[in-house]
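S.K.: Structure provided below as structure tokens; questions to follow.
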Amino acid sequence: MKIHIKNGRLIDPKNNIDAQQDVFIAAGKVAAIGAMPEGFNANRVIDATGLVVCPGLVDLSARLREPGYEYKATLESEMLAAVAGGVTSLVCPPDTDPPLDEPGLVEMLKHRAKSLNKARVYPLGALTQKLAGERLTEMAELHDAGCIAFSHADVPLTDTNVLLHAMQYAATFGFTVWLRPQDAFIARDGVAHDGEVATRLGLPAIPSCAETIALAGILTLARETGARVHICRLSSREGVALIRAAKAEGLPVTCDVAIHHAHLSEMDIGFFDANCHLIPPLRSQRDRDALREALADGTVDALCSDHAPVDDDAKLLPFAEAEPGATGLELLLPLTLKWAKEMGVSLSVAIARVSAEPARVLALNNGHLGAGQPADVCIFDPEQYWKVEPGSLKSQGRNTPFLGMELQGKVRYTLVEGHVVYEGLA
């Protein structure tokens with residue numbers, strides 16, 4: 001199909017484009033930007049007057065809950081949520097049931113995802129077998145099966161010798177290790193940031209040093225092994241300082257922040273709001289502000305949705321017993337726009353944090369709309385307001401701290417490889 005997207009404001013951060021430009025798509029790829037190619041006859045014209053046309057979003061953390069947790073969400077529901085949010089590529093962690101520690105499981109997941117003809121799925125392989133933290137997986141085989149990098153998800157890897165060997169192995173083959181820094185012993189049984197709110201509510205706490213102690217160890221091992229490391233879901237001001245120093249030193253390290261942590265703090269827990277029970281915990285307003293500034297100056301490379309759908313019953317429990325997690329795929333774009341507006345950041349920089357920059361983290365040549373690139377496109381109305389309600393979300397998980405809030409920015413069309421996979425209402 002040949003598609004002509006006309007009259008839109010094209011924002012392509014990687015190619016330094018922010019102007020009204022038409023986009024021409026043929027055979028699943030971007031045929032031209034600006035002037036119509038000779039002999040081009042469109043099968044479909046999309047009038048993007050008043051809309052922003054940008055690369056499809058790239059989400060660095062979205063749990064799809066398959067295999068093993070279909071009662072929380074299904075691949076069908078979450079892939080629809082992805083394209084409804086303008087997300088055309090997403091990374092899924094390996095903590096499924098069973099974990100993604102064998103090539104057959106990875107191939108099955110990729111086949112299932114591809115058959116739905118929605119977003120592209122990039123699985124993370126498990127660093128250790130069964131995520132037990134004892135024996136390394138066959139990373140080379142998992143990579144051949146489709147794993148883009150290797151992670152331990154949120155499961156503690158307490159044996160630093162195993163982590164050392166994993167990073168040495170990864171460095172040998174040029175693989176990237178994705179780690180969420182948290183000392184398992186300091187954080188044990190904690191559910192909230194060690195601050196005023198946890199004290200007042202009597203909640204078991206997780207101090208910021210649980211993150212920084214683990215992060216310092218990871219950066220030391222990265223220095224020792226030369227392995228590329230991606231730090232997942234940074235949450236503290238002190239953690240930002242460590243990342244800033246590591247980058248200045250030239251260590252091959254990147255990091256992301258969950259969209260919830262760019263807006264919320266421990267104060268949003270209120271009176272035991274289980275929708276705010278997240279991993280890592282919402283920290284102080286000072287931490288939140290440091291994360292927002294680090295996103296603006298590029299210390300933090302990318303924003304992710306940290307999409308983790310949870311069934312309603314698991315959220316109706318008392319705060320400390322409720323399952324952590326929140327839906328995020330459909331909120332990634334409007335919350336990124338909200339952060340940018342509040343911080344005085346340009347729309348181009350905001351879109352870069354959820355497209356070109358995460359693509360760079362993944363070492364993928366997508367996240368931009370250069371000629372000849374796969375036509376993964378998000379077209380959204382930057383002015384349209386919509387209310388976050390359970391009925392307005394495509395995800396099977398309807399739990400989010402932003403329920404009831406009016407957000408600005410609504411996806412109108414999502415294209416993957418030149419096919420319109422989602423059309424929203426004006």
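The values are calculated or read from the model by the stated rules, or taken from the named source; none is laboratory data. Keep in mind the model is a prediction, meaning the values are calculated, not measured. Cβ coordinates were reconstructed from backbone atoms using ideal geometry, including for glycine residues, and neighbour counts include every protein chain displayed. For the accessible areas, the whole protein counts, side chains as well, though only heavy atoms, and no ligand, DNA or RNA atoms are used. Shrake-Rupley method; radii C 1.70, N 1.55, O 1.52, S 1.80 Å.
S.K.: In square angstrom, what is the accessible area per residue of the range 67-211 with a 1.4 angstrom probe?
M.R.: Value for the range 67-211: 41 Å² per residue.
S.K.: Would you calculate the separation in nanometres between label points at L201 and Y385, each defined as 7 Å from the Cα along the Cα-to-beta-carbon direction?
M.R.: Computed distance between label sites L201 and Y385 equals 2.8 nm.
S.K.: Suppose every Lys and Arg Cβ carries +1 and every Asp and Glu Cβ carries -1, with no other charges. What dipole size does the range 151-213 come out with about its Cα centre, to the nearest 20 debye?
M.R.: Result for the range 151-213 is approximately 80 debye, rounded to the nearest 20.
S.K.: Here is a further query. First check a/c for the chain, with a ≥ b ≥ c the square roots of the eigenvalues of its C-alpha gyration tensor; if it is under 1.5, answer rounded, and if not, answer prolate when a/b is larger than b/c or oblate otherwise.
M.R.: Since a/c reaches 1.5 and a/b is larger than b/c, the shape of the chain is classed as prolate.
S.K.: Please report how far the C-alpha centroid of the range 58-107 lies from that of the range 343-421, rounded to the nearest whole angstrom.
M.R.: The range 58-107 and the range 343-421 have Cα centres spaced 17 Å from each other.
S.K.: Kindly express, to the nearest 10 degrees and within the range 0 to 90, the angle between helix 160-173's C-alpha long axis and the longest C-alpha principal axis of the chain.
M.R.: Approximately 30 degrees, to the nearest ten.
S.K.: Right, another one. Tell me, what is the per residue accessible area of the range 224-284 in Å², probe radius 1.4 Å?
M.R.: With the other protein chains kept in place, the range 224-284 gives 32 Å² per residue.
S.K.: Under 22 Å between alpha carbons, and skipping anything fewer than 8 positions from K315 in its own chain: which lysines qualify?
M.R.: Output for K315: K72, K387, K394.
S.K.: Which of the peptides 328-338, 35-45 is most tightly packed, and how do the rest follow, judged by the mean count of other Cβ atoms within 10 Å per residue?
M.R.: Per-residue mean Cβ counts within 10 Å order the peptides as 328-338, 35-45.
S.K.: Show me the ranking of peptides 169-178, 206-215 by mean Cβ neighbours inside 10 Å, starting with the highest.
M.R.: Going by the mean number of other Cβ atoms within 10 Å, highest first, we get 206-215, 169-178.
S.K.: Probe radius 1.4 Å, ligands and nucleic acids ignored: give me the carbon and sulfur share of the accessible area of the chain as a rounded percent.
M.R.: 50
S.K.: For the pair N365/Y71, report the inter-label distance in nm, with labels modelled 7 Å from Cα in the Cβ direction.
M.R.: Here the modelled spin labels are 4.6 nm apart.
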